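Since the structure comes first, as structure tokens, the remarks are kept for the end.
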Amino acid sequence: MPRPSAPSPRNGTAAPCVEEVDTSFLETLIGYNARRAALAVIDVFLERMAPYGLRPVDFSVLSLVAHNPGITSRQLCATLGILPPNLVGMVNALEQRELLARKPHPRDGRAMGLHLTPGGQKLVRDAEKTAAALEAEVGARLTAAELQTLLRLLKKVYGSD
């Protein structure tokens, strides 16, 4: 049995067209707005971190190790919300690049503490300067008070408050 043809300009019935996209509902959603903001920042972040060979998660791991020498993998997983199997490969790769070293934990004989190598310390210092410059550029649209409010509210949303 033949199917009725869909309306089209060919059979004389034009479909409605959209002149201006209505995003009003999406703009009421925290996730939509957070994702849009994240995409705007992450694209530039990836570009700026490329010379260091760092992805956002690598940067986060190295920065946490820099500011918390001896941090354990378990502590990193809990802080960043990463599953242990995913972190193992990441730590191995950073260790192969001679950015991280594992050393026995002073209080837990089963755990290994993570420490930056001298090369890792230099890379993190440079990468953090680059990240701070990027944040200043991105935050330039906001007043200092707005920026602090934004960060406080984002932390509240993801439960770090």
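Out of the residues in the stretch 59-86 that are small (Gly, Ala, Ser) and either closer than 17 Å to ALA131 by Cβ or surrounded by fewer than 14 Cβ atoms within 10 Å (Cβ to Cβ) (or both), which is modelled with the lowest pLDDT?
GLY81
What number of residues within the stretch 17-70 are assigned to a helix (DSSP H, G or I), hydrophobic (A, V, I, L, M, F, W, C) and over 21 Å from ARG141 (Cα atoms)?
Taking the stretch 17-70 first, the residues assigned to a helix (DSSP H, G or I) are 26-28, 30-52, 56-67.
Within this subset, residues satisfying the condition of being hydrophobic (A, V, I, L, M, F, W, C) are 26, 30, 34, 37-42, 44-46, 49-50, 57, 59, 61-62, 64-66.
Checking the rest, the ones that are also over 21 Å from ARG141 (Cα atoms) come to 26, 49-50, 57, 59, 61-62, 64-66.
Adding up the residues that qualify gives 10.
Out of all the residues in the stretch 137-155, is one or more outside any helix (DSSP H, G or I), closer than 26 Å to ARG48 by Cα and acidic (Asp, Glu)?
Checked the stretch 137-155: no residue is outside any helix (DSSP H, G or I), closer than 26 Å to ARG48 by Cα and acidic (Asp, Glu).
Please tell me if LEU87 is within 20 Å of HIS67 (Cα to Cα), part of a helix (DSSP H, G or I) and touching a Gly at 6+ places or on another chain (Cβ under 8 Å).
So LEU87 does not fit the description; no.
So GLU135 passes all but one of these: (1) at pLDDT 95 or above; (2) surrounded by 13 or more Cβ atoms within 10 Å (Cβ to Cβ); (3) under 18 Å from the mean Cα position of the chain (by Cα). Which condition number does it fail?
(1)
Please go through (1) over 14 Å from the mean Cα position of the chain (by Cα); (2) closer than 22 Å to HIS105 by Cα for LEU29 and return the number of the only condition it doesn't satisfy.
Every listed condition holds for LEU29 apart from (2).
Is there any pair linking a residue in the stretch 109-126 that is assigned to a loop (DSSP other than H, G, I, E, B) to one that is of a type in the set (A, V, I, L, M), with Cβ under 8 Å and at least six apart or on different chains, and which?
Pairs found: THR117/LEU99; THR117/LEU100; THR117/ALA101.
Criterion first (surrounded by fewer than 12 Cβ atoms within 10 Å (Cβ to Cβ), without any contact (Cβ under 8 Å) to a residue 60 or more places away in the chain and in contact with a His (Cβ under 8 Å, 6 or more places away or on another chain)) does LYS155 satisfy it?
When the stated conditions are applied, LYS155 does not pass them.
Can you tell me which residue among SER160, SER63, SER73 is closer than 23 Å to ALA40 by Cα, among the hydroxyl-bearing types (Ser, Thr, Tyr) and touching a residue at least 12 places away in the same chain (Cβ under 8 Å)?
On the way: SER160 fails: touching a residue at least 12 places away in the same chain (Cβ under 8 Å); SER73 fails: closer than 23 Å to ALA40 by Cα.
One residue alone meets the criteria, SER63.
The values are calculated or read from the model by the stated rules, or taken from the named source; none is laboratory data. These figures come from a predicted structure and were not determined experimentally. Using ideal geometry, Cβ is built from the backbone for each residue, glycine included, and neighbour counts are taken over all protein chains shown.
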